Amino acid sequence: MLTLKLGRKIPQHEILDALIKLGTSNIDDLIKYFSKLKFPLSSSEMSKVLSLSSDWGVKTSEKEIDKVVYDVEDQI
């Protein structure tokens, strides 16, 4: 949306920096936004979320998941 409106690409780190500054200067709006979100989930809502997962029958280690998700090797 920013790229379309401004006609140029804004780097993600600049967007994040601006969001932090805006959040700091508009803390009341930020608090209102997050207080609308419903956390923690109720047990029935949590059950719904957990029911969405399925077993694909593939054994995967934590190291493999870290490699795929975070592109890191074992850092111990």
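General remarks:
- Between I27, S44, P11, the Cα set farthest toward the positive side of the dipole of the chain (charges on each charged residue's Cβ, about the Cα centre) is that of I27.
- Modelled FRET efficiency - R0 22 Å, L19 with F39, Cβ distances, 0.05 increments: 0.65
- Where [x] 19.6, 49; [y] 15.1, 60; [z] 14.8, 52 are the candidate values, the label of the one calculated here for Rg and Dmax of the Cα atoms in Å is [x].
- Global form of region 35-76, assessed from the alpha-carbon gyration tensor, a/c cut-off 1.5: oblate
- Residue separation of K59 and D71 scaled by 0.36 nm, minus their Cα-Cα distance, works out to 2.4 nm of gained length.
- The chain - mean residue ellipticity at 222 nm from DSSP helices (-39,500 (n - 2.57) per run, n ≥ 4, rounded to 500): -17500 deg cm²/dmol
- With a Cα cut-off of under 28 Å and a minimum spacing of 8 residues unless on different chains, the lysine pairs in the chain number 12.
FYI, it's all coordinate maths here, none of it is from the lab. Predicted model, so just to flag it, every value in this text is computed and none were measured. All Cβ positions, even for glycine, are placed from backbone atoms using ideal geometry, and neighbour counts span all protein chains on display.
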